1. Count charges around ILE154 for me, please; just the other residues with Cβ under 11 Å from its Cβ, Lys/Arg as +1, Asp/Glu as -1.
2. When a/c is below 1.5 the answer is rounded, else prolate if a/b is larger than b/c, else oblate, so apply that to region 47-104 with a ≥ b ≥ c taken from the square roots of the Cα gyration tensor eigenvalues.
3. Calculate, in nm to one decimal, what SER31 and LYS150 gain on full extension: separation in residues at 0.36 nm each, minus their alpha carbon distance.
4. Compute the length gained on full extension between GLU95 and ALA137: take 0.36 nm times their separation in residues and subtract their Cα-Cα distance, giving the result in nm to one decimal.
5. With r as the distance between the Cβ atoms of GLU41 and THR69 and R0 = 22 Å, compute the FRET efficiency 1/(1 + (r/R0)^6) and round to 0.05.
6. Modelled label-to-label distance, VAL59 and SER118, 7 Å Cα→beta-carbon offset: nm?
7. Along region 62-75, what does the Karplus equation 6.51 cos²θ - 1.76 cosθ + 1.60 (θ = phi - 60°) give for ³J(HN,Hα), rounded to whole Hz, x for Gly and Pro?
Amino acid sequence: MRFRSIISISMLILLVAGCTKFTRQQSSQLSEVERGRRVVESMKCNDCHTPDYQKRSSVPEEDWLVGGTIGFRDSTGTVYPANLRLLLNSMSEDEWVKFARQMNQNAPMGSVLLPTASERDLRAIYSFVKYLGPKGAPALPRLPAGATPKTQYIDYPYLH
């Protein structure tokens, strides 16, 4: 009987230790997702990358970061907000960090925020977008200089 008690207690200890480790791992992942959510909100990514985000009081998180059809037009052409849900799900975390660091300088948001963000914040954004999963359609293609957009557009440079 004493042997069974020792085995039972040992199994219980192993089970609790395994759950604690799993919970810590989940908590760490969740904290990165939560950090990414906060970074996305503080960098105002939804303003351009989530349709109607500025017009509505709230857009469900499941509809965030799917790109948009309002173009940003300057002397070089018109660019549309990328579908970050598709973009980040098509690359590794390291590829995303490198991409964000080398963001094209004539991209409205990229030149202001992403290249100067901390690596931890960029990785947190990646974790959050991966957590959301792929959704939506690819961004509209960039229009060359002189082409008139058939969609709504904002003359750039536009201070965000």
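Values quoted throughout were computed directly from the atomic coordinates according to the rules given, and no laboratory measurement underlies them. The model shown is predicted, which means the values in this text are computed figures rather than measured ones. Glycine also receives a Cβ, built like all others from the backbone with ideal geometry; neighbour counts cover every protein chain displayed.
1. -1
2. On the way: a/c = 2.64, a/b = 1.17, b/c = 2.26.
Oblate, because a/c is 1.5 or more while a/b does not exceed b/c.
3. 38.7 nm
4. The GLU95-ALA137 span can extend by a further 13.0 nm.
5. 0.50
6. 2.7
7. These are the phi-based 3J(HN,Hα) values: 5, 9, 6, 6, 9, x, x, 10, 8, x, 10, 10, 9, 5 Hz.
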